[in-house]
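The next block holds one structure in the form of C-alpha cells; read it before the comments.
Bear in mind these aren't lab numbers, they're just calculated from the coordinates by the rules spelled out. This one's a predicted model, so the numbers in the text were calculated from it and none came from an experiment. Cβ: placed from backbone, ideal geometry, glycine included. Neighbour counts: every protein chain shown.
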Amino acid sequence: MKFDYKKDISPKYLLLVLSILSILLIIISAVSPNTLKGVRSTAIELISPMQKGVNKAGGWVSDQFQIFGDVKELKKENAELRKEINDYKNELDKNEAELSELQELRDLYALDQMYPEYKKTAARVVSVDTTGWFNEFYINKGLNQGVYEDCNVICDDGLLGIVTESYDNYAKVRAIIDDRSSITAQIGNNGTLCTVEGSLQTMDDGYLMATDIDKNSVVSEGDKVITANVSDRYLYGLTVGYVISVKDDPNNLTQTAKIKPTVGFTDVKDVFVILDRKQEVNY
C-alpha cells in the first residue's frame with residue numbers, strides 16, 4: 001500500500017511536531033550551547049553560500065535599478081539638450097538672416113551714394129520668369145510708387161536692367177543680359193562708343209559682347225564701360241561692366257570686346273529703381 005503523506009499526516013500534527021522540535025532545540029541551545037555547535041556550523045556552511053548568492057543577486061538588482069535611473073536621467077538631459085541646440089540653431093539662423101539683410105541694406109546704401117544725382121526707390125524681387133538667370137523678373141513697386149516703363153534699375157555696383165511693364169503695385173524688369181537687350185555705352189576715359197548686346201549664351205561663360213567699337217579707338221583690358229549720354233533709354237553714367245578682352249573684327253573697321261558685368265544675375269533680391277527717366281526727344 002502506497003503511503004500518501006498529504007492524506008495520512010494531518011498538517012496540524014506536522015506543525016505540532018515541528019514546534020516541539022524547535023522548542024527542544026532552543027532549550028538545548030540555551031542549556032548546553034556546545035551541544036548544537038556542530039549543527040550551527042553545518043547550518044552556517046549551508047546558509048552562507050546562499051546568503052552570498054542572495055546578496056550578490058540583490059546587489060546586481062540594485063545596480064540595474066541604478067543604471068535604469070541613470071539612463072532615464074540621461075534621456076531627460078539629452079531631450080533638454082536637443083531642445084536647447086534647436087533653440088540656438090533657430091536663433092543662429094535668425095541672426096544670420098538679419099545680418100544678411102543688414103549687409104544688403106548697406107550695399108543698397110553704398111549704391112545709392114554712387115549715383116546721388118538720381119531719385120530712387122528701393123524694391124524687392126518677388127517673382128522670376130525664367131530659371132538660372134535673372135533676365136526677366138518682377139519687383140514689388142509699380143505705378144503707385146512712381147515706377148514707370150523705361151525706369152532704369154540698378155543693384156550691386158551698376159546697371160541691372162530696365163522696366164518694361166508697370167502696374168499699380170508691381171513692375172516687370174528686363175535685365176541687360178536678356179537676348180533682347182541692347183545698350184549704347186561708352187568705354188574708358190575717351191568715351192569710345194559701343195553697343196553692349198544682351199546674350200544668355202555668352203553669360204554662361206561670364207561675359208557680354210560690346211560691338212561696333214571704332215578700330216582706331218584705344219580699348220584696353222580693365223577699361224570701365226558705362227551707359228553713354230546718347231543712349232535712348234538708359235541714363236548717363238551707369239556702370240555696365242569692365243573690358244576683359246578686345247579683338248579686331250574681320251572687316252578691319254571695328255573691334256569687339258568682351259565685357260564682364262558688375263552685377264551678379266544669378267541671385268537678385270533687392271534693387272534700386274531710378275525714378276528719373278531719360279528725356280524723350282521728338283524729331
With DSSP loop assignment and no more than 16 other C-beta atoms within 10 Å, the GluC sites (Glu not before Pro) in the stretch 178-283 are 221, 280
In whole Hz and in residue order, list the ³J(HN,Hα) couplings for the stretch 122-129 that follow from phi through the Karplus curve 6.51 cos²θ - 1.76 cosθ + 1.60, θ = phi - 60°; x for Gly and Pro. 7, 9, 10, 6, 10, 7, 10, 6
Tell me, what is the percent relative contact order of the stretch 120-274, built from C-alpha pairs under 8 Å that lie six or more residues apart? 25 percent
Hey, which of these cross-link pairs are over 21 Å Cα-Cα: 119/172; 172/260; 224/247; 258/278; 119/258; 120/269? 172/260; 258/278; 119/258
From the backbone phi of the stretch 215-228, what are the Karplus-calculated ³J(HN,Hα) couplings (6.51 cos²θ - 1.76 cosθ + 1.60, θ = phi - 60°) in whole Hz, Gly and Pro given as x? 4, 7, 7, 8, 10, 10, 4, x, 5, 7, 10, 10, 5, 7
Relative pair counts by distance (%), Cα atoms of the stretch 120-274, 5 Å bins: 2, 10, 20, 21, 19, 13, 8, 5, 2, 1, 0
Per-residue HN-Hα couplings for the stretch 248-257 [Karplus 6.51, -1.76, 1.60; θ = phi - 60°; Hz; x = Gly/Pro]: 6, 7, x, 6, 6, 10, 9, 10, 10, 10
Quick query: amide H of residue 255 versus all other amide H atoms, modeled in the peptide plane; which residues come in under 5 Å with a sequence gap of 5 or more or a different chain? 212, 213, 214, 215, 249
Check: C-alpha center the stretch 155-171 vs C-alpha center the stretch 231-246, spacing in Å is 17 Å
Simple SL model, points at 7 angstrom along Cα→Cβ for residue 267 and residue 202; separation in nm is 2.6 nm
